[in-house]
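The structure appears right after this line, and notes come after that.
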Amino acid sequence: MDRVVANEFAKMRHLRIAPVAIVMVAAVTGLVMFSAITSPDFADPAARSWELLLGGMSLAVPMVSPIMLAVLASRQVDIEHEGGGWLLSQTSGITPGGLCRVKLVAVGAVVTVATVLQSVLVIGAGLLLGVTAAVPAGLWLGHTASVLATNLVVLALHVLLSARIDNQLAGLGIGVLGSMVAVFASGLPPWLAHVSPWGYYALVAAAGYRDGDLVALTPSYASVAGLGVVGAALFLLVTGSFDRREI
Amino acid sequence: MGAVRAEFLKVKRSLSWAVVVLLPVAMVLSGAAGTLASGERPEDGWHTMWLRSVVFHGLFPLAIGIGILASLVWRAEHRGGNWNALMSGPTPSWRIVTAKAVVVAVLAAATQVVLLVAVIVIGSLVFGLPGMPPGEYFLISILIVLACVPVAVLQSGLSMIMRSFAAPIAVAFAGAGVSVVLLLAELDAAVFVLPYALIGRATQLGTGTFADTGPVTAGDVASIVIAAVTLAVLLTTATVSILDRRDTRT
């Protein structure tokens, strides 16, 4: 198993997975910084708050993550279609479903590093910009963990889409639609946001505007935990069905 | 014309219609969903509708949509032995490049038409907005179509160079992101350098949001037209010279 995962990392070098992940981190961090600096609240150094940055995160993550996750999954999976990799793996003892699980582990590790990194970078930026209040570590940790869980479920969905549908248009198109759902989900009633995995980006927001004021919010931990369990179960079920398909 | 016709035949049975129809309709619907969920009508009528669909569309989904279309148009050439057939065929590089770019630009224009129709249909049927959107929005739509041309040429070139379907789309997303920042920083000259900034600027025209001041001036229109034509010509020339230096692949 370890060697199969290592093999996926070896494939990543030529697929330029690292630059794509860096674009994702840079886009999120850049958008947060930009939205913070251009905000009228930011002009007064005493009023600079963590809520401002958390609010920026809750806007930037849903905008950037769905598309970049679709790109990452598509890159890593499409080569198997291009090079007859499914058959090659199967003859060397790794079933198509197993290969998908390995790909999720490998790309998931990259996404985990990227998600944690973007949070740490934004905290660092906040400290540099002179936010005087203490870092709300618990909330930040909870938000990062919730975003990570959502990211991994969306990534798993895209691994399955890219593997099942040869034409990568499907996965990427759904990624674009997902980013729209994610961005506009904050305006939807909560039950509607629970329907698709992208809606959870709005449910895990750690700060937002309520009646015109920027306030800290508690991410819906229970909802994300539910998403994680359902996502994992469905992923195992679908990859299991891949194993029984003829290629 | 033969090359263009051949390219249209190639996309005929692809899933390009999904991007052309679904993307703009989903855009308008998701923009309207928030307003609909709160049970209100858009505060500022057609203006709010436009802001939530067309302007948001121009921030990054439009660039990505064009990227997907370009990848789709070039996908066939990167499969099987088609690249070598393309390289050894009698069609000159400039005709291949322009034919591909024309197809992408026409599909992008169709996307814009669908978007406009979706705004009108959802605005009048769902929200009961009176009459039609202000006439200037129709003029702006034409400018957006024009602004899409250099992006179509650029994305077509990227999809020609990169065999991957997703990589050029990641480039489009990054380019759109950089453009949003440049336009927010009021660096309007970016439209002459970055095609993505050009579609961003064109979609914001007349709305007073982001880089726009509100009224549509002759200067704004002229700069968009000049930038679109110049960038399209420059990028086409560059793409042709790149394809000229490409060889068969074994």
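Is the stretch B:50-69 home to any residue that is away from chain A (no Cβ under 14 Å) and either touching a residue at least 12 places away in the same chain (Cβ under 8 Å) or out of contact with any Leu (no Cβ under 8 Å at 6 or more places or on another chain) (or both)? Give the steps one after another, and end with the answer.
Pass one, the stretch B:50-69, residues away from chain A (no Cβ under 14 Å): B:50.
Right, trim to either touching a residue at least 12 places away in the same chain (Cβ under 8 Å) or out of contact with any Leu (no Cβ under 8 Å at 6 or more places or on another chain) (or both) and you get B:50.
The answer is yes, given that some residue of the stretch B:50-69 is away from chain A (no Cβ under 14 Å) and either touching a residue at least 12 places away in the same chain (Cβ under 8 Å) or out of contact with any Leu (no Cβ under 8 Å at 6 or more places or on another chain) (or both).
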Inset, instruction - Could you tell me whether A:Val71 is touching a residue at least 24 places away in the same chain (Cβ under 8 Å), of a type outside the set (Asp, Glu) and in contact with a Gly (Cβ under 9 Å, 6 or more places away or on another chain)? - result: yes
Legend entry - Condition broken by B:Met27, with the remaining ones in (1) under 18 Å from A:Ala185 (Cα atoms); (2) crowded, with 23+ Cβ neighbours inside 10 Å; (3) more than 8 Å from chain A (Cβ to nearest Cβ); (4) of a type in the set (A, V, I, L, M) satisfied: (3)
Inset, instruction - Sort through A:Val64, A:Val147, A:Val105 and tell me the only one that's of a type in the set (A, V, I, L, M) and over 22 Å from A:Leu234 (Cβ atoms). - result: A:Val64
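Given the condition of a type in the set (Gly, Ala, Ser), surrounded by fewer than 17 Cβ atoms within 10 Å (Cβ to Cβ) and farther than 24 Å from A:Ala216 by Cα, answer yes or no: does some residue in the stretch A:115-128 qualify?
Keep residues of the stretch A:115-128 that are of a type in the set (Gly, Ala, Ser), which gives A:119, A:124-126.
Going one step further and asking which of them are surrounded by fewer than 17 Cβ atoms within 10 Å (Cβ to Cβ), we end up with A:124.
Among the residues that remain, those that are also farther than 24 Å from A:Ala216 by Cα are: none.
The answer is no, given that none of the residues of the stretch A:115-128 is of a type in the set (Gly, Ala, Ser), surrounded by fewer than 17 Cβ atoms within 10 Å (Cβ to Cβ) and farther than 24 Å from A:Ala216 by Cα.
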Legend entry - Which listed residue is in contact with a Ser or Thr (Cβ under 8 Å, 6 or more places away or on another chain), within 12 Å of chain B (Cβ to nearest Cβ), crowded, with 20+ Cβ neighbours inside 10 Å and of a type in the set (A, V, I, L, M, F, W, C), from A:Ala206, A:Ala182: A:Ala182
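If you go through the stretch B:86-99, how many residues are touching an Asp or Glu at 6+ places or on another chain (Cβ under 6 Å) and touching a residue at least 12 places away in the same chain (Cβ under 8 Å)?
First, pick out the residues of the stretch B:86-99 that are touching an Asp or Glu at 6+ places or on another chain (Cβ under 6 Å): B:86, B:93, B:99.
Retained after the next criterion (residues that are touching a residue at least 12 places away in the same chain (Cβ under 8 Å)): B:93, B:99.
Count: 2.
Please enumerate the residues belonging to the stretch A:15-68 that are outside any helix (DSSP H, G or I) and closer than 18 Å to B:Ala185 by Cα. I'd like the intermediate steps shown before the answer.
Here is the first cut: in the stretch A:15-68, the ones outside any helix (DSSP H, G or I) are A:16, A:39, A:44, A:48-49.
Result: A:Ser39, single match.
Among the residues of the stretch B:147-204, write down those that are outside any helix (DSSP H, G or I) and within 14 Å of another protein chain (Cβ to nearest Cβ). Talk me through it step by step, then tell me what you get.
Taking the stretch B:147-204 first, the residues outside any helix (DSSP H, G or I) are B:162-166, B:185-187, B:193-194.
Matches in the stretch B:147-204: B:Met162, B:Arg163, B:Ser164, B:Phe165, B:Ala166, B:Ala185, B:Glu186, B:Leu187.
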Legend entry - Filter result (in contact (Cβ under 8 Å) with a residue 12 or more places away in the chain and surrounded by fewer than 18 Cβ atoms within 10 Å (Cβ to Cβ)) within the stretch B:70-82: B:Ala76
Legend entry - Residue that is farthest from the other protein chains (Cβ to nearest Cβ) [pool: residues in the stretch A:159-178 that are out of contact with any Pro (no Cβ under 9 Å at 6 or more places or on another chain) and closer than 11 Å to A:His81 by Cβ]: A:Arg164
Inset, instruction - Could you please tell me which pairs satisfy a Cβ distance under 8 Å, a separation of 6+ or placement on different chains, a first residue in the stretch B:18-33 that is touching a residue at least 40 places away in the same chain (Cβ under 8 Å) and closer than 19 Å to A:Ala193 by Cα, and a second residue that is polar (S, T, N, Q) and crowded, with 23+ Cβ neighbours inside 10 Å? - result: B:Met27/B:Ser53; B:Val28/B:Ser53; B:Ala32/B:Ser53
Legend entry - Residue tally, condition more than 18 Å from A:Leu234 (Cα to Cα), part of a helix (DSSP H, G or I) and away from chain B (no Cβ under 14 Å), over the stretch A:74-102: 7
Inset, instruction - For A:Leu88, work out the one condition from (1) of a type in the set (A, V, I, L, M, F, W, C); (2) closer than 30 Å to A:Leu169 by Cα; (3) crowded, with 16+ Cβ neighbours inside 10 Å it doesn't fulfil. - result: (3)
Legend entry - Selected residue (criterion: nearest to the other protein chains (Cβ to nearest Cβ)) from residues of the stretch A:1-54 that are surrounded by fewer than 20 Cβ atoms within 10 Å (Cβ to Cβ) and in contact with a strand residue (DSSP E or B) (Cβ under 9 Å, 6 or more places away or on another chain): A:Ser39
Inset, instruction - Report whether or not A:Val110 is more than 11 Å from the chain's Cα centre (by Cα) and surrounded by fewer than 23 Cβ atoms within 10 Å (Cβ to Cβ). - result: no
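Each reported figure results from applying straightforward, stated rules to the coordinates on display, with no laboratory input. Keep in mind the model is a prediction, meaning the values are calculated, not measured. So basically every Cβ, Gly included, is an ideal-geometry build from the backbone, and we count neighbours across all protein chains shown.
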